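To start, the structure itself, in structure tokens.
The values are calculated or read from the model by the stated rules, or taken from the named source; none is laboratory data. Note that the coordinates shown come from a computational prediction; the quantities given were computed from them, not determined experimentally. Quick reminder, even Gly has a Cβ in these numbers, built from the backbone with ideal geometry, and neighbours come from all protein chains shown. For the accessible areas, the whole protein counts, side chains as well, though only heavy atoms, and no ligand, DNA or RNA atoms are used. Shrake-Rupley method; radii C 1.70, N 1.55, O 1.52, S 1.80 Å.
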Protein chains: 2
Amino acid sequence: MAYRETPAVRMRLDAARERLVTEATAVVAEVGWAGASVGVVAAAAGMSAGSVYQHFASKTALAVEVFRRAAGREVEVLGAVLRDGGGDAVARLACGVEIFARRAFERRGLAYALLAAPADEAVCAERLEFRHRYRALFAEVVREGTAAGLLPPQDPEVTAAALTGAVGEVLVDPLAVPGTDAAAEALLAELTAMALRCAGARTVQGGTDDR
Amino acid sequence: MAYRETPAVRMRLDAARERLVTEATAVVAEVGWAGASVGVVAAAAGMSAGSVYQHFASKTALAVEVFRRAAGREVEVLGAVLRDGGGDAVARLACGVEIFARRAFERRGLAYALLAAPADEAVCAERLEFRHRYRALFAEVVREGTAAGLLPPQDPEVTAAALTGAVGEVLVDPLAVPGTDAAAEALLAELTAMALRCAGARTVQGGTDDR
DNA sequence: GGAAGAAGTGAACCATGATTCAGACCTTGG
DNA sequence: CCAAGGTCTGAATCATGGTTCACTTCTTCC
């Protein structure tokens with residue numbers, strides 16, 4: 001007996017694992033899941049392919065971790081806005097959708113990877129799982145909105161699923177093809193308006209809007 | 001010179017190719033894209049793996065054909081209803097969504113494969129392409145609806161994308177987990193109602209619905 | 001019936017990329 | 001400094017599954 005893991009070592013290991021996840025996320029955002037081979041990811045993190053297995057049991061496990069971290073942040077943010085965003089349920093819904101979309105635009109590559117890029121079985125399963133979480137969050141505001149009489153009677157789960165799918169689908173194309181900032185802003189406005197209609201909110205957004 | 005392709009032979013070849021596509025479709029509906037290896041598909045069609053290459057240049061080409069055929073049928077049907085379904089734009093939209101969903105329920109496995117099952121790059125690309133077609137169809141009715149004053153001003157492309165995503169997302173879960181017929185009917189009602197709201201149609205479907 | 005020329009077979013071949021592992025190199029406590 | 005026990009490396013190994021191909025089995029036409 002002469003060696004025992006010391007805090008310094010633990011820290012280095014943890015840092016390496018962390019760097020691995022971070023870099024893997026960047027690689028995925030850049031080239032998608034298909035292009036993120038163990039070799040490429042390891043190189044990006046400055047380690048050998050073999051070392052990846054020091055931190056994760058398999059490539060799949062790493063991919064799942066990458067997905068969970070990134071998607072988890074979004075669920076977190078969306079949940080915060082939807083639950084404690086201020087204003088009534090309808091206002092929070094609009095705000096949530098807008099912020100979600102804005103964040104996606106700020107990290108196009110990653111957003112695309114999370115939402116739509118071809119991925120293997122395990123990542124697809126995670127996607128499904130996280131879509132359920134988004135759905136649960138949306139369902140909650142919709143439920144609240146109907147309870148408050150702001151929204152018409154409806155099955156909150158269906159509307160929530162629809163919102164999840166709608167927002168994703170509307171974003172996929174613009175995320176893939178850059179486009180101008182102005183176009184992005186216009187899209188955001190249309191997107192939130194659509195989301196409110198989808199939940200049945202009384203038309204407020206028309207306002208001074210002309211055309 | 002002693003052999004020339006005869007009509008009978010051509011027919012047999014065409015039939016074999018056809019059977020291959022049909023059986024491959026069935027296999028995909030059953031076990032998904034991942035499970036549909038060349039060997040399995042060939043066996044299902046009653047031929048050897050090698051013979052598959054008599055009809056398709058690659059497994060990918062076969063997969064793409066399978067997808068196009070199946071998805072093409074749906075585009076066809078949806079387009080027919082949306083364009084020439086009878087009634088005003090709103091009525092046709094409702095009808096289109098309902099029929100689309102109904103058809104999906106009638107072929108759960110296939111619908112799931114087309115909409116959401118993990119697939120390789122090429123099939124994902126087809127999926128994208130076909131989603132654009134659905135979108136174009138929806139955009140057309142929405143455009144017509146707004147022109148007729150039945151729907152509020154909106155970007156038809158955004159609404160169309162949203163409808164495409166929303167319908168798909170709402171269906172994915174129920175398609176994966178069986179459920180009762182009654183539940184399916186209820187879902188259909190909610191789904192079409194949601195679609196109309198999404199496009200901003202004045203609430204008609206509620207009947208006794210107030211506000 | 002037989003030559004010419006497909007079509008059909010399925011085992012061998014290959015490409016890809018994840019995973020392993022024997023050895024090199026560090027860290028630690030004594 | 002040493003022994004013990006990690007960590008790290010990267011080339012070799014494996015697994016998977018698409019693709020090829022030498023060979024067999026039809027078909028056609030003279």
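Quick notes on this structure:
- Accessible surface for the protein assembly as shown, divided over its residues, is 48 Å² per residue with a 1.4 Å probe.
- Shape category assigned to the protein assembly as shown from the gyration tensor of Cα positions, a/c cut at 1.5: oblate
- With every protein chain in place and a 1.4 angstrom probe, the accessible-area ranking of A:M11, A:M47, B:M194, largest first, reads A:M11, A:M47, B:M194.
- Low-density loop cleavage sites - trypsin sites (Lys or Arg not before Pro) in the range B:1-99, where at most 13 other Cβ are within 10 Å (DSSP): B:R4
- Rg in Å to one decimal, and Dmax rounded to a whole Å, for the range A:60-199 via C-alpha atoms: 14.8, 46
- A simple rule links phi to the HN-Hα coupling: the Karplus curve 6.51 cos²θ - 1.76 cosθ + 1.60 with θ = phi - 60°, which for the range A:111-126 gives 4, 4, 4, 6, 7, 9, 4, x, 8, 7, 2, 4, 5, 4, 4, 4 Hz, with x for Gly and Pro.
- Position A:V177: other-copy label points at 3.8 nm, ordered by increasing distance, label point 7 Å along Cα→C-beta.
- Solvent exposure, largest accessible area first (probe 1.4 Å, DNA, RNA and ligands not counted), of B:E76, B:E18: B:E76, B:E18
- In the complete set of protein chains, residue-level accessible area for B:C95 is approximately 50 Å², probe 1.4 angstrom.
- Across the options A:M11, B:L82, B:P178, the greatest Cα extent toward the positive end of the charge dipole of the protein assembly as shown (unit charges at beta carbon of Lys, Arg, Asp, Glu) belongs to A:M11.
- When B:V38, B:V177 are compared by accessible area of protein heavy atoms, the largest-first order is B:V177, B:V38, using a 1.4 Å probe.
- Per residue of chain B, the DSSP helices (runs of n ≥ 4 H) give a summed -39500 (n - 2.57) that works out to -26000 deg cm²/dmol at 222 nm.
- By the Cβ-Cβ criterion of under 4.7 Å, the unpaired cysteines of chain A are A:C95, A:C124.
- Extreme residue, positive dipole direction of chain B, given options B:T159, B:T146, B:Y53 (C-beta unit charges): B:Y53
- Hull-based mean projected area of the range B:1-56, where the convex hull spans the alpha carbons, in square nanometres: 4.2
- Placing +1 on the Cβ of every Lys and Arg and -1 on the Cβ of every Asp and Glu, with no other charges, gives the protein assembly as shown a dipole of roughly 800 debye about its Cα centre.
- Shielding of peptide B:181-187 by partners, expressed as the average count of other chain Cβ atoms within 10 Å per residue Cβ, is 1.
- Computed over chain A with a Gaussian network model linking Cα atoms closer than 10 Å, the most mobile of A:E74, A:E126, A:E169 is A:E169.
- Cα centroid separation, the range B:70-125 to the range B:1-43 (Å): 25
- Test item: Cα-centred dipole of chain B, Lys/Arg +1 and Asp/Glu -1 on Cβ, debye: 600
- Accessible surface of A:T180, taken over heavy atoms with a 1.4 Å probe and every protein chain present, rounds to 90 Å².
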